[in-house]
Amino acid sequence: MRLFTATIATETNTFSPLPTSMEAYREGVFLRPGEHPDDTALMCTAPLFVARRRAALDGFTLIEGSCFAASPAGLTNRADYETMRDEILAQVKAALPLDGVLLGLHGAMVAHGYDDVEGDVIERVRAIVGPDVVIGVELDPHCHLTLKRVRLSDIIVLYKEFPHTDVVERAEDLLRLVLRTIRKEIRPVMSMYDCRQIGSYPTTLPLMRSFVDRTSAMEGRGGVLSVSIGHCFPYADVPELTGRILVVVDGDKAQADRLATEIGTEFVTMRGRTAPDYLDVDDAITTALGINGSPVVVADPADNAGGGAPTDNTTVLRRLVERDVQGAALGPIWDPIAVRLCFDAGLGAVFPLRFGGKTGLASGTPMDAEVAVTGLARDCKQSFGPTQVKLGDCACVKVGGVEVVLISNRTQALGLELFRNVGVEPTERKLLVVKSTNHFHAAFGPIAKKVLYVDSDGPLPRDYTRIPYSRVQRPIWPLDAETSPGLVV
Ligand SMILES: [Zn+2]
């Protein structure tokens, strides 16, 4: 038995001012055959690492293709996408004959000329391997679950958790289903229900938690192989942006249709009740200061690098300084030039620094302040579950009563090391402001006295009616009051 695996992945915010080129993939994951590390699942490459572990045990040969992944930002340029894609396609051809293909994709990648990158990849792989080879795909729930992908692959499995703590477990599910299909133990059929809605669905909140627990418990019983909840990725102006439910069932299409409809209908009734309350900036600060105990964690999702934002918006920081808040720490702000200036000034230096507020209109204006350099560290990393995320060189500067972590490699707040690397102990601060939508919760939730969410003027507004969509298929909630959810596959 022969399986091939590869990755091409990023999450594209089509409104982001940051273009994505091959360079961004080189800074992320850029691994050719023979270059894959022993046992580390980096961004979207879990199928490769899971299959490598299982190959000897399950008696198959794994052909490891290239893995390319970049941090979320704007559109990938056309030539670079086609170069990476064609490299993988040439590897698929060279690997024939194959029994199965495992693709570790993200699901919300957009390149110039390609609204549906993953659909394009799957279509071209299918054309090479033919109709009988089993194609299995792992996607992030913040994906555009297009009809093309579902029609041209055999099994698609999405992560269930947000924060995405189950990337490896879902790759294991996918591999198990692909192997059983190749061995003719099962015959997967997929049905998909389109909920016609845009929303945010952290699984750390009770309603989504119980929904995911209940739908997951259906798997492995009565022929149900897999249930995936497609959240959608709201910051992309592509036609098939929408929340969709995908179920995989053994053999019985009518059963798959019924189940997708049942789960999808329930998901529609949850509209507007799955996201946390968002406070405006001043309310969030006032509320946080009024809470007994510490630290209070305030998340700023509107400037989340994980959604393609530059992460250099200064609005929350400015209000903390203007209100003379003491004992606060904020991170990250992406500003490699400011980091360089801090290294040049040296630890302990007090000097006038301009930082943040640079990349786009939604970054706000830069901070100009007399800062004290209180921490400097080279080549930093932070943990996110089993993965290590690069922060690059980092500096901590103190402005009034606020310590600010400046980073060189754009990413969101994920691990406590973001602060600890530069000498800030997060458990000892009154208030922590983190730029992240919900992934921060895995590390910061357990140390937080309370978690608050703010809706700042960063480029990823929580109010979707403020996003200037022009190509998204309508009607869709909450842009339109009347929608027509239903089965689409
Ligand atoms: Zn995601």
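The values are calculated or read from the model by the stated rules, or taken from the named source; none is laboratory data. Please read these numbers as outputs of a predicted model, since none were measured by experiment. Here the Cβ is made from the backbone with ideal geometry for all residues, glycine too, and neighbour counts use every protein chain on show. When the accessible area is computed, the model is the full protein with side chains, heavy atoms only, and any ligands, DNA or RNA have been set aside. Shrake-Rupley method; radii C 1.70, N 1.55, O 1.52, S 1.80 Å.
The table below lists the values:
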quantity: ALA288 vs. criteria out of contact with any Leu (no Cβ under 7 Å at 6 or more places or on another chain), part of a helix (DSSP H, G or I) and more than 19 Å from GLY199 (Cα to Cα); calculated: no
quantity: Matching option when the condition is surrounded by fewer than 23 Cβ atoms within 10 Å (Cβ to Cβ) and in a helix (DSSP H, G or I), among ALA55, ALA51, ALA41; calculated: ALA55
quantity: Positions within the stretch 341-364 being of a type in the set (A, V, I, L, M), at pLDDT 95 or above and not in a strand (DSSP E or B), in sequence order; calculated: LEU341, ALA345, LEU347, ALA349
quantity: Among residues of the stretch 161-197, those that are within 16 Å of the ligand (Cβ to nearest atom) and in contact with a strand residue (DSSP E or B) (Cβ under 7 Å, 6 or more places away or on another chain), counted; calculated: 2
quantity: Residue among ALA236, ALA275 that alone is assigned to a loop (DSSP other than H, G, I, E, B), closer than 22 Å to CYS143 by Cβ and open to solvent by 20 Å² or more (accessible area, probe 1.4 Å); calculated: ALA275
quantity: Residue tally, condition touching a residue at least 60 places away in the same chain (Cβ under 8 Å) and either over 24 Å from GLY307 (Cα atoms) or over 20 Å from the mean Cα position of the chain (by Cα) (or both), over the stretch 409-427; calculated: 4
quantity: Cβ pairs under 6 Å, 6+ apart, first in the stretch 279-306 and on the phi < 0 side of the Ramachandran plot, second among the aliphatic types (A, V, I, L, M) and part of a helix (DSSP H, G or I); calculated: VAL281/VAL316; VAL296/ALA288; VAL298/ALA284; VAL298/ALA288; ASP300/VAL316
quantity: Pairs with Cβ under 9 Å, 6+ apart, first in the stretch 476-487 and without any contact (Cβ under 8 Å) to a residue 12 or more places away in the chain, second part of a loop (DSSP other than H, G, I, E, B) and not aromatic (Phe, Trp, Tyr); calculated: ASP480/ARG196; ASP480/ARG474; ALA481/PRO475; GLU482/PRO475
quantity: Qualifying position, being among the hydroxyl-bearing types (Ser, Thr, Tyr) and in contact with a Leu (Cβ under 7 Å, 6 or more places away or on another chain), among THR12, THR40, THR45; calculated: THR12
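Matching residues to (1) over 30 Å from PHE15 (Cβ atoms); (2) within 16 Å of the ligand (Cβ to nearest atom):
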{"site": "VAL101", "(1), (2)": "yes, no"}
{"site": "ALA111", "(1), (2)": "no, no"}
{"site": "LEU145", "(1), (2)": "no, yes"}
{"site": "ILE156", "(1), (2)": "no, yes"}
{"site": "TYR159", "(1), (2)": "no, yes"}
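Listed here are the residues, each with its yes/no results for (1) open to solvent by less than 40 Å² (accessible area, probe 1.4 Å); (2) among the small types (Gly, Ala, Ser); (3) under 21 Å from the mean Cα position of the chain (by Cα).
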position	(1), (2), (3)
GLY136	yes, yes, yes
CYS143	yes, no, yes
LEU158	yes, no, yes
ARG170	yes, no, yes
LEU174	yes, no, yes
LEU179	yes, no, no
VAL189	yes, no, no
MET192	yes, no, no
MET218	no, no, no
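A quick yes/no check of all residues on (1) away from the ligand (no atom under 16 Å from the Cβ); (2) assigned to a strand (DSSP E or B); (3) open to solvent by 10 Å² or more (accessible area, probe 1.4 Å):
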{"position": "SER226", "(1), (2), (3)": "yes, yes, no"}
{"position": "ILE245", "(1), (2), (3)": "yes, yes, no"}
{"position": "GLN255", "(1), (2), (3)": "yes, no, yes"}
{"position": "ALA260", "(1), (2), (3)": "yes, no, no"}
{"position": "GLY264", "(1), (2), (3)": "yes, no, no"}
